[in-house]
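Enquirer: Sharing a structure, written as structure tokens. Questions coming.
The values are calculated or read from the model by the stated rules, or taken from the named source; none is laboratory data. Remember, it's a predicted structure, so these values are computed and weren't measured experimentally. When we count neighbours, we look across all protein chains shown, and the Cβ atoms used for this are built from the backbone with ideal geometry, even at glycine.
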Amino acid sequence: MIKYLLIATFSFSLFGCGGSQQGPAAIDRQALVSRHKVILTQPDSLGALSVGNGEFAFTVDVSGLQSFPDYYENGISLGTQSQWGWHSAPNEGNYVTADVLEEFETCNDKKIPVAVQHRDGRKGAATHWLRANPHRLHLGLIGLELLLENGEEATIEDIQNIHQELDLWTGTVTSRYEVEGVPVEVELYGHQEQDGISFRVQSPLIAEGRLKVKFRFPYGKECHVCPGYDWEHSEKHDSRIIGQTGRQAWVQRTLDSTNYAVGIQWKDDGVFSAAKAHQFYLAPGKKTDRFECTLLFTPEMQEGALPDFEATRQNSREHWESFWSTGGAIDFSACTDPRAAELERRVVLSQYLTKIQCAGSYPPQETGLTFNSWYGKFHLEMHWWHGVHFALWNRIGLLEKSMGWYGQVMDEARRTAQRQGFEGVRWPKMTGPGGRSSPSSVGEFLAWQQPHPIYFAELFYRQRPNTETLEQLKDIVFATADFMASFAQYNAADGYYHLCHPLIPAQEIFPAAETDDPPFELAYWHFGLSTAQEWRRRLGLPPNEKWGEVIDKLAPLPEAKGLYLPAAGALDAYTDDDNRRDHPIVTGIFGVLPNSSRVDTAIMGTTFREIMSKWDWPSTWGWDYPMLAMCAARLGYQEAAIDALLLEVQKNTYLVNGHNYQDKRLRLYLPGNGGLLTAVAMMAAGWDNGPQTANPGFPDNGRWKVRWEGLERMP
């Protein structure tokens, strides 16, 4: 048995305990990725496949395009979404955040205004508009209209002998099937530098005039969780052809104050025409059985030719090969534990999904660029779960894209802090591109998103330890820390700074007006302020006195009877069934966060075991299992880490396409995918002040012969 010290992570493969390998060998990455090619042989409403680039994604059914949206509507619906595609309904009531503010008492006889939800009257109307707008826009359904011999339009039941593949190595979706015995093949690619797709259709149906490309454009939908399209208000928007040449057309879309354009370009003969409001057809010529088409979605019409099918195909293949050939890789093929193959499948597919859904210029929504959840807005407390893995998998540039957004919304975040009487910037919870916080009776009382930008900044510095990194991110780090220090309230009676009500911890079951000192938030506050102070030292600046005082006098983590409590005074946390539910975030203080002298590992171990034996697992969520696994790994409970990572509960289900299924409402949940990648990387490459052995988070039992390369150690 050979163990390698975790010194270089760029060019060496490391082998798990119990391996019989004689030395490091490069992983065959193409073989690793290709053995998890997605194959479908029948319609599956939860099996829709996507192509994309992080800024844009296009999700298709078994036809190879978006031909049967109704069948998929309550599954993985057929989305066309981008980072720039947002819509707001007219604000006829001139609603502003001030309309929904209510004051709440906090420590030291202070009161702070919080934007909460209301049901009735102007406050209720303001609540709805502020939560629902802006909402992410479904840019349009692009499908095939396939005609049967009798002239009727084919339904999904008429699609027979299906064989659809997602080739992850090249980003190709190839769909083969028959309609009344006539073969159809569709090859689809997403462009990796532009927000568009290209596809090629081959079928005798083309020459028979029985195949057309159908375009449908919806109005924006103010819905909490839905595909994001509204087909019932055709009078509220406009779709018109604004430019057309022999083999190119442009459609201009206008929805209230939102405008965008769709470019359509095809090869060989074809006729593009309007059918009815917001619906168009592209009919291929009848002289061939092959047809190629490119679509580009863009805020403004562009001049010149679009990338054709061959150019897009080459672009996709080159970029995906580069993606898979760089960064991290983990190979479980030598493992004999029967769960290893499924873990590898989840890991490979999660890399693909987070690349196309989460690697954009904004923090992603929990359902990425597939369908809308929480009106398409992003939840900043989830940004950690969406993004940290990019750094650990040595693809930190994909996190860097959304990191820039924090700098764009600092003024809005500063206004929120000032309104509540705090210094610095208070980052929102549920928000859109402009950074305006959405009223909520839960989200507006959360605070654990606040230190995230400091954690991200430290990840950047670990990989780019230079003055340029410090100068680039210092304003975000320091303003974040200013808020954190002013948010903590001093109690002269006990000499501690406390995180005070109104506050809801990450375990979102505790009342805002009664909750103080949740342990994860306390631990994260200590980490964030200490890291910000270290950034001042690196820049040659004196320590910030206020930060230092809060660091030195921050309240200890609440505990009783040898257990860490979910909040101060929550003595019945593990005896009352009602409290053993939702996120077991207490484990995050020794899983998500670095090893700290503030954490008693004996108490943490007892708390972990208590949670694992008594928690209400159906109430948990997809990122909870990776969090538990990371805590177990740091504690040295490697078997428990694997058990947690692969816990057999509904919300730890990974569909055929790799999506983390939660329930009928939330059919995909990308924080679960990102959390999985974070935990696996940490278990393989290790963590600061952890064991200096290979694969320290995996069991040393001979069944987990894990090989990896290109991973980064976790803080």
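Enquirer: Within the range 131-182, track down each residue that is of a type outside the set (Gly, Ala, Ser), closer than 30 Å to ALA31 by Cβ and in a strand (DSSP E or B). I'd like the intermediate steps shown before the answer.
Expert: Filtering the range 131-182 for residues of a type outside the set (Gly, Ala, Ser) gives 131, 133-139, 141-142, 144-150, 152-153, 155-170, 172-174, 176-180, 182.
Filter once more, so that each one left must be closer than 30 Å to ALA31 by Cβ: 161-170, 172-174, 176-177.
ASN161, ILE162, HIS163, GLN164, GLU165, LEU166, ASP167, THR172, VAL173, THR174, ARG176, TYR177 - these are the residues of the range 131-182 that are of a type outside the set (Gly, Ala, Ser), closer than 30 Å to ALA31 by Cβ and in a strand (DSSP E or B).
Enquirer: Sticking with this one: Can you tell me how many residues in the range 266-286 are surrounded by fewer than 18 Cβ atoms within 10 Å (Cβ to Cβ), touching an Asp or Glu at 6+ places or on another chain (Cβ under 8 Å) and not basic (Lys, Arg)?
Expert: Going through the range 266-286 one residue at a time, the tally reaches 3.
Enquirer: Output yes when any residue across the range 498-515 is assigned by TED's automatic domain parsing to the domain that holds GLN449, of a type in the set (D, E, K, R) and closer than 29 Å to GLN117 by Cβ, and no when none is.
Expert: From the range 498-515, those assigned by TED's automatic domain parsing to the domain that holds GLN449 are 498-515; that's our starting set.
So of that shortlist, the ones also of a type in the set (D, E, K, R) come out as 508, 514.
If we keep only those that are closer than 29 Å to GLN117 by Cβ as well, we get 508, 514.
Yes, that holds for at least one residue.
Enquirer: Please identify the pairs in which a residue from the range 471-490 that is in a helix (DSSP H, G or I) has its Cβ atom under 8 Å from the Cβ atom of a residue that is crowded, with 23+ Cβ neighbours inside 10 Å and among the hydroxyl-bearing types (Ser, Thr, Tyr), counting only partners at least 6 apart or on another chain.
Expert: Going by the 8 Å Cβ cut-off, the qualifying pairs are ILE476/TYR406.
Enquirer: When the range 420-470 is examined, which residues are found to be farther than 20 Å from LEU522 by Cα, among the hydrophobic types (A, V, I, L, M, F, W, C) and out of contact with any Ser or Thr (no Cβ under 8 Å at 6 or more places or on another chain)?
Expert: If the condition is that a residue be farther than 20 Å from LEU522 by Cα, among the hydrophobic types (A, V, I, L, M, F, W, C) and out of contact with any Ser or Thr (no Cβ under 8 Å at 6 or more places or on another chain), then LEU459, LEU470 are the ones that fit.
Enquirer: Right, next: In the range 688-709, what count of residues is obtained for those that are of a type outside the set (D, E, K, R) and surrounded by 22 or more Cβ atoms within 10 Å (Cβ to Cβ)? Let's see the steps before the verdict.
Expert: Filtering the range 688-709 for residues of a type outside the set (D, E, K, R) gives 689-699, 701-702, 704, 706, 708.
Cutting the leftovers down to surrounded by 22 or more Cβ atoms within 10 Å (Cβ to Cβ) gives us 694-698, 704, 706, 708.
Residues meeting the conditions: 8.
Enquirer: Using the structure shown, decide if ARG703 is over 24 Å from the mean Cα position of the chain (by Cα), outside any strand (DSSP E or B) and basic (Lys, Arg). Before the answer, list the steps.
Expert: Numbers: over 24 Å from the mean Cα position of the chain (by Cα): yes; outside any strand (DSSP E or B): yes; basic (Lys, Arg): yes.
In short, yes.
Enquirer: Is the range 333-342 home to any residue that is under 30 Å from PHE199 (Cα atoms), surrounded by fewer than 17 Cβ atoms within 10 Å (Cβ to Cβ) and modelled with pLDDT of 95 or more?
Expert: Step one: filter the range 333-342 for residues under 30 Å from PHE199 (Cα atoms), giving none.
The answer is no, given that none of the residues of the range 333-342 is under 30 Å from PHE199 (Cα atoms), surrounded by fewer than 17 Cβ atoms within 10 Å (Cβ to Cβ) and modelled with pLDDT of 95 or more.
Enquirer: So which of HIS138, HIS191 ends up being over 19 Å from TYR71 (Cα atoms), touching a strand residue (DSSP E or B) at 6+ places or on another chain (Cβ under 9 Å) and surrounded by 18 or more Cβ atoms within 10 Å (Cβ to Cβ)?
Expert: Values: HIS138 fails: over 19 Å from TYR71 (Cα atoms).
Just a single option satisfies the conditions, and that option is HIS191.
Enquirer: Still on this structure, please answer the following. Kindly evaluate ALA640 against the criterion of being buried (at least 24 other Cβ atoms within 10 Å of the Cβ) and either within 21 Å of ASN689 (Cβ to Cβ) or at pLDDT 95 or above (or both). Talk me through it step by step, then tell me what you get.
Expert: On the way: buried (at least 24 other Cβ atoms within 10 Å of the Cβ): no; either within 21 Å of ASN689 (Cβ to Cβ) or at pLDDT 95 or above (or both): yes.
Considered against the rule, which asks whether it is buried (at least 24 other Cβ atoms within 10 Å of the Cβ) and either within 21 Å of ASN689 (Cβ to Cβ) or at pLDDT 95 or above (or both), ALA640 comes out as no.
Enquirer: Could I ask something else about it? Just give me the residues in the range 643-670 being under 18 Å from ASP337 (Cβ atoms) and either modelled with pLDDT under 95 or surrounded by fewer than 24 Cβ atoms within 10 Å (Cβ to Cβ) (or both), in sequence order. Quick ask: steps written out before the conclusion?
Expert: Here is the first cut: in the range 643-670, the residues under 18 Å from ASP337 (Cβ atoms) are 643-648, 652, 654.
Those that are under 18 Å from ASP337 (Cβ atoms) and either modelled with pLDDT under 95 or surrounded by fewer than 24 Cβ atoms within 10 Å (Cβ to Cβ) (or both): ASP643, LEU646, LEU647, GLU648, ASN652, TYR654.
Enquirer: Under 9 Å between Cβ atoms, at least 6 apart or on separate chains: pull out the pairs that start in the range 333-350 with a residue that is under 18 Å from ALA26 (Cβ atoms) and touching a residue at least 24 places away in the same chain (Cβ under 8 Å) and end on any residue that is of a type in the set (Ser, Thr, Tyr) and in a loop (DSSP other than H, G, I, E, B).
Expert: Pairs that qualify, where the first residue is under 18 Å from ALA26 (Cβ atoms) and touching a residue at least 24 places away in the same chain (Cβ under 8 Å) and the partner is of a type in the set (Ser, Thr, Tyr) and in a loop (DSSP other than H, G, I, E, B), are ALA334/SER20; GLU344/SER333.
Enquirer: Show me the strands (runs of 3 or more DSSP E) entirely contained within the range 224-325 in which 2 or more residues are under 25 Å from GLY171 (Cβ atoms). Steps first, please.
Expert: Working: elements: 237-245, 248-255, 258-266, 270-276, 279-284, 290-298.
Fully inside the range 224-325 and qualifying: 258-266, 279-284, 290-298.
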